[in-house]
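See structure below.
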Amino acid sequence: MASRRGQMLDGVLLLDKPVGLSSNHALQRAKRALDARKAGHTGTLDPFATGLLVCCLGRATKIAGCMLDADKGYVATMQFGQETDSGDLTGNIVFTAAPEFNGVVQSDLETVLEDFRGELQQVPPMYSALKRDGRPLYEYARQGIELDRPPRAVTIYKLELLSFTGLEAQIMVQCSKGTYIRTLAQDIGRQLGCGAHLKALRRTSVGPFHLDDAIELEALQAMPAPQTTLIALDALPAGLLPATTKQKEEL
């Protein structure tokens with residue numbers, strides 16, 4: 001039997017995912033650049049989104065479960081005046097504000113943002129990977145089928161307005177696992193009465209990892225020794241790696 005392709009690499013790669021690629025495609029390209037045998041990521045970003053994708057190689061894949069449960073940070077750009085079925089710019093428009101709508105008043109937006117800070121109940125979007133009867137919800141959505149989804153408890157730790165033009169707003173979000181920023185933008189637009197969707201989304205943090213420490217995919221692919229970008233197992237933040245793995249490292 002032929003040996004599997006790639007080196008046995010152990011460590012974590014902090015990748016700045018580019019726009020237009022699925023998380024898996026970005027992971028596979030990084031894996032090829034590293035010539036790694038085994039790799040996985042710890043939380044999907046939509047193709048239109050960019051930012052921090054935590055990629056785990058070899059024995060570092062043991063932290064994947066922990067990272068799925070981690071808090072996350074985002075910078076999101078909302079566009080007012082239209083709601084889409086997907087909650088972002090890739091979807092079909094399902095609601096348009098009245099013809100006389102010419103923008104949101106900043107004080108009104110800040111009042112609405114206050115209502116979304118802290119614990120809240122959020123209904124997951126139909127365009128998501130959550131499963132019903134073994135099928136992801138997005139498969140039903142693509143067939144024009146909408147299913148009832150029970151709301152889930154999420155927490156918005158921080159929600160700050162970074163910039164504002166009346167027709168667009170950029171916000172910073174720090175939130176718990178399971179929070180959909182597309183749904184957050186949609187709900188804000190509904191409460192304002194004008195509709196809204198995400199124009200852009202950039203993930204800035206996952207648990208203890210930050211985008212400032214990430215490398216862009218093109219830069220990784222151009223490096224003569226991309227393996228040097230990996231965070232070694234013994235350099236990971238305390239508590240991430242299971243004790244059994246740490247003990248094996250010490251043997």
Legend entry - Condition met for Asp71 (among the charged types (D, E, K, R) and under 21 Å from Gly43 (Cα atoms)): yes
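Pick out, from segment 27-91, the strands (runs of 3 or more DSSP E) lying fully within it that include 2 or more residues that are touching a Lys or Arg at 6+ places or on another chain (Cβ under 7 Å) and open to solvent by less than 30 Å² (accessible area, probe 1.4 Å).
Strands (runs of 3 or more DSSP E) meeting the threshold: 50-57, 72-80.
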Legend entry - Pick from segment 127-148, criterion in contact (Cβ under 8 Å) with a residue 24 or more places away in the chain and open to solvent by less than 50 Å² (accessible area, probe 1.4 Å), ranking: farthest from the chain's Cα centre (by Cα): Ala141
Inset, instruction - Can you run down the residue pairs with Cβ atoms below 8 Å, 6 or more apart or on separate chains, where the first is in segment 151-178 and farther than 16 Å from Met78 by Cα and of a type in the set (Phe, Trp, Tyr) and the partner is open to solvent by less than 20 Å² (accessible area, probe 1.4 Å) and part of a strand (DSSP E or B)? - result: Tyr157/Cys175
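Can you confirm whether Gly166 is buried (at least 19 other Cβ atoms within 10 Å of the Cβ) and not acidic (Asp, Glu)?
no
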Inset, instruction - Tell me, please, whether a residue that is free of Cβ contacts under 8 Å to residues at least 24 places away in the same chain, out of contact with any strand residue (DSSP E or B) (no Cβ under 7 Å at 6 or more places or on another chain), more than 29 Å from Gln143 (Cβ to Cβ) and not in a loop (DSSP other than H, G, I, E, B) can be found in segment 2-15. - result: no
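The values are calculated or read from the model by the stated rules, or taken from the named source; none is laboratory data. From a predicted model like this one, the values you see are computed outputs, not experimental measurements. When we count neighbours, we look across all protein chains shown, and the Cβ atoms used for this are built from the backbone with ideal geometry, even at glycine. When the accessible area is computed, the model is the full protein with side chains, heavy atoms only, and any ligands, DNA or RNA have been set aside. Shrake-Rupley method; radii C 1.70, N 1.55, O 1.52, S 1.80 Å.
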